[in-house]
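Step one of this worksheet: look at the structure below.
The values are calculated or read from the model by the stated rules, or taken from the named source; none is laboratory data. Since the model is a prediction, treat every value here as computed from it, not as a measurement. So basically every Cβ, Gly included, is an ideal-geometry build from the backbone, and we count neighbours across all protein chains shown.
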Amino acid sequence: MSTLDEIAGIAHQPNGTPAGVVLLTHGAGGSRESPLLIAICDQWAARGWLAVRYNLPYRRRRPTGPPSGSADDLAGIVEAVALAHSLTDRPVIAGGHSYGGRLTSMAVAQGLIDVDTLTLLSYPLHPPGKPDRLRTEHLDAITVPTVFTHGSTDPFGSITELRTAAALIPAPIEIVEIAGARHDLGSKTLNVPALTVDAALRAQT
C-alpha cells in the first residue's frame with residue numbers, strides 16, 4: 001500500500017523534482033473525483049508541483065452523503081498535511097473546495113497544520129439565503145497567505161461579502177473572481193485552474 005492510500009489520495013506527478021506539494025480536498029457532497037479538483041491538480045503538476053487530491057475521512061467511509069462531523073475530518077486534514085511534509089522539504093500548499101477548504105482554513109487557524117499558502121475554492125461564507133450565519137469566526141487567526149477563488153454568482157457568498165470576510169485575515173490575501181460562475185466554479189470563458197494556480201504561486205513570492 002502506498003503512503004497516499006492512507007489518505008485516499010491520488011497524485012498528479014510533475015516532470016522532475018517537485019517544487020513542493022499541493023493538497024486539495026473536496027466539498028461536502030463531493031469526493032476526490034471532482035472535475036474541478038482533477039483539473040486544478042493537473043495544472044499544478046504542469047507547473048512542476050506534486051498535487052494530491054484526497055478524500056476526507058467521512059468520504060473514505062461511504063461513497064455518498066454529507067459529512068457527519070467536522071472533528072474527524074479535521075484530523076484527516078492534519079494527517080494529510082503531515083504526509084505532505086514527509087514527502088518534501090519544500091513548500092506545502094493546502095486547501096480545497098467549499099467544506100474541504102473551510103476545514104483546512106480552520107486547521108490553519110487552530111495551529112493544527114503548517115502550510116505555506118491556503119488555496120480556498122468557493123469558500124462557503126454562509127448557507128444560501130442565510131447571510132446572517134457567517135462562517136468567519138476563525139479567519140482572524142489565519143497567518144499565512146490565502147487565495148480565494150470565487151464565483152461572482154455563488155449563493156454561498158457574494159464577492160462583496162467575501163472581500164469583507166477576507167479583510168479579517170492578518171496576512172496577504174488575493175481574491176480571484178470568476179465572473180458568472182456559481183459554487184462549482186464552472187466557466188466557459190475563463191481558465192479557472194490556471195487563474196487559481198497563478199494566484200497561489202504569486203502568494204509564494
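Just one residue in the set THR136, THR160, THR205, THR149 is modelled with pLDDT under 95 and of a type outside the set (A, V, I, L, M, F, W, C); that residue is THR205. Looking at segment 132-170 only, could you name the residues that are in a strand (DSSP E or B) and over 10 Å from SER122 (Cα atoms)? Once the filter is applied, which keeps residues that are in a strand (DSSP E or B) and over 10 Å from SER122 (Cα atoms), segment 132-170 yields THR146, VAL147.
Before we move on, is ASP5 free of Cβ contacts under 8 Å to residues at least 24 places away in the same chain and acidic (Asp, Glu)? Write out each step before concluding.
Details: free of Cβ contacts under 8 Å to residues at least 24 places away in the same chain: yes; acidic (Asp, Glu): yes.
Against the criterion (free of Cβ contacts under 8 Å to residues at least 24 places away in the same chain and acidic (Asp, Glu)), ASP5 qualifies.
Hey, could you check segment 171-198 for residues that are part of a helix (DSSP H, G or I) and free of Cβ contacts under 8 Å to residues at least 60 places away in the same chain and say which is farthest from TRP49 (Cα to Cα)? Looking at residues that are part of a helix (DSSP H, G or I) and free of Cβ contacts under 8 Å to residues at least 60 places away in the same chain, I get LEU195.
Need pairs with beta-carbon distance below 7 Å; first residue closer than 17 Å to ALA203 by Cβ and within segment 105-119, second in a helix (DSSP H, G or I) and among the basic types (Lys, Arg); sequence gap 6+ or separate chains. Close Cβ pairs satisfying both conditions: none exist. Could you go through segment 86-98 and let me know if any residue there is surrounded by fewer than 19 Cβ atoms within 10 Å (Cβ to Cβ) and without any contact (Cβ under 8 Å) to a residue 40 or more places away in the chain. Looking for residues that are surrounded by fewer than 19 Cβ atoms within 10 Å (Cβ to Cβ) and without any contact (Cβ under 8 Å) to a residue 40 or more places away in the chain, one finds at least one in segment 86-98, hence yes.
Would you call GLY48 under 22 Å from MET106 (Cα atoms) and not in a helix (DSSP H, G or I)?
On the way: under 22 Å from MET106 (Cα atoms): no; not in a helix (DSSP H, G or I): yes.
When the stated conditions are applied, GLY48 does not pass them.
When segment 11-42 is limited to residues that are among the aliphatic types (A, V, I, L, M) and either under 16 Å from PRO57 (Cβ atoms) or in contact with a helix residue (DSSP H, G or I) (Cβ under 7 Å, 6 or more places away or on another chain) (or both), the one that is surrounded by the fewest Cβ atoms within 10 Å (Cβ to Cβ) turns out to be ALA39.
What do you reckon, is THR153 over 18 Å from ASP198 (Cα atoms) and surrounded by fewer than 23 Cβ atoms within 10 Å (Cβ to Cβ)? Give the derivation first.
Details: over 18 Å from ASP198 (Cα atoms): yes; surrounded by fewer than 23 Cβ atoms within 10 Å (Cβ to Cβ): yes.
So THR153 fits the description; yes.
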